[in-house]
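Q: Dumping the structure here so I can ask a few things about it.
Where a number appears in this text, it was derived from the coordinates with a stated rule and is not lab data. Predicted model only: the values in this text are computed from it and were never measured. Backbone-built Cβ (ideal geometry, glycine too); neighbour counts: all protein chains shown.
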Amino acid sequence: MQNQLCNPRGVPTPNVSAILLYCSVTQTAFQSRTTMNCPHCGAGIPNNSNFCTHCGASIHLADTSTTQSPALCMPYKLDLGKLFSDTFELYKRNLGTMCLVVLILMIIPMIFGPAGSVMTFITQMTVRQGGDDTLFAMLIAGQVCLQILQTILQWYIVLGILRQCLYIARGQTDLRMNLLSSPFSLYLKYVGFALAFGGIQFCVMLPTIIPISIGAAMGTFSQSFDDPVVIGLFVAGGCLALPCYCFLIWLTTRLCLAVFFIVDQNESIANAIIYSWRVSSGNFWLIFIAQFVLGICAVLGMFLCCVGIILTGAIAVFGQALIYLQLTGQPNGLDFGYNDKALEGYIPAEE
């Protein structure tokens, strides 16, 4: 036998390199059948996993173009008792992490606030001393850029808080720094939804904004707010305020989960609004009560010299994440016994 080694007894020795190559190819093929990549972070996870054990994102709902989750076809009923007990239990177990994310969000205005105040003071001094117009324009542009940068950073941190709340709600106990690792495409989608939702809220309040604004302008130009027309405009705007606010509360409650469909499943803005509308159907009063109670708990921290807001500030967002999981039929960390490996390979029962 040529080109083949033999041992002292004359028996051919197997080609070690070929065996190693065969084992490597076989192992790779086996892993390709038993693992897959997370569509959100790209990490390797077991096949048929419904949640990524690295970033905590939902997997089985990520592709809604071909299949639709039963949770989106048949909305679940919100269980307030379970929601409150799970919210406070999970929040208590992760109090340190939740305080950290609120503190990070509060640091941003603490940094930009004094910088903006200094620029405002310099601008006022420039105006009083009759300074150069170019310097004045540069100071104004600097203030605008500073405010834009602060808004961009705050929205990015808020997006990270939403992701971190979902991550913890699913039972992951470690801090994966989702606050600073959101994909830029997801951030753009979140900002687009925030702007669109803000525009919707503004349009809802237009019936009360328009008459009050016109009345204020007429009173200012005429220097008399005793004019019957001005008074009538103010009264009309005030009378329309209550129904506008009621409609705004109803609309906000129905669309409050849209942001989680974007953050968790990377849905488009239109699909996120549709899915939020669908899962909140028949659950309006339950969601409203839950948000009201959680909001009161969050605001209570402000009465402790505003320091308590660090302890309670994120509880409303955290509770809303659990509302999202419950209404879409997804389990939380307590349903799994609360451990980091509990979500790995989880497959829900088919309906």
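Q: Tell me, S117, S213 in order of fewest to most beta-carbon neighbours within 10 Å?
A: Working: S117 10, S213 13.
By the 10 Å Cβ count, ascending: S117, S213.
Q: Here's a follow-up. If R0 is 45 Å, what FRET efficiency do you get for S85 and I140 from their C-beta distance, rounded to 0.05?
A: 0.30
Q: Tell me, what HN-Hα J-couplings in whole Hz come from the Karplus equation 6.51 cos²θ - 1.76 cosθ + 1.60 at θ = phi - 60° for each residue of region 84-91, using x for Gly and Pro?
A: 3J(HN,Hα) across region 84-91, in whole Hz: 5, 5, 5, 4, 6, 5, 5, 5.
Q: Between M205 and I108, what FRET efficiency follows from the Cβ-Cβ distance if R0 is 35 Å, with the result rounded to 0.05? Don't skip to the end; give the middle numbers.
A: Working: r = 27 Å, r/R0 = 0.78.
Efficiency computed from Cβ-Cβ geometry: 0.80.
Q: Give me the distance in nm between label points sitting 7 Å out from Cα along the Cα-to-Cβ direction at A217 and V229, one decimal.
A: Taking the simple label geometry, A217 and V229 are separated by 1.3 nm.
Q: For region 134-163 and region 199-242, write down the distance between their C-alpha centroids in whole Å.
A: 31
Q: Just order 314-322, 251-259 by mean Cβ neighbour count inside 10 Å, highest at the front, would you?
A: Per-residue mean Cβ counts within 10 Å order the peptides as 314-322, 251-259.
Q: Pop out the ³J(HN,Hα) list for region 180-189 in order, Karplus 6.51 cos²θ - 1.76 cosθ + 1.60 with θ = phi - 60°, rounded to Hz; leave Gly and Pro as x.
A: For region 180-189, the Karplus-derived couplings read 10, 10, 6, x, 5, 5, 5, 5, 4, 5 Hz, x marking Gly and Pro.
Q: Related question: Counting only residues 5 or more places away or on other chains, whose amide H sits under 5 Å from the amide H of G171 once H atoms are built in the peptide plane?
A: Sorted by chain and number, the residues that satisfy this are G333.
Q: OK, next. Give me the extension gain from S281 to C99: residue separation times 0.36 nm, minus the current Cα-Cα distance, reported in nm with one decimal.
A: Full extension of this stretch gives 62.2 nm more.
Q: Each residue of region 282-289 in turn: what ³J(HN,Hα) in whole Hz from Karplus with 6.51, -1.76, 1.60 and θ = phi - 60°, glycine and Pro shown as x?
A: x, 10, 4, 5, 5, 5, 4, 5
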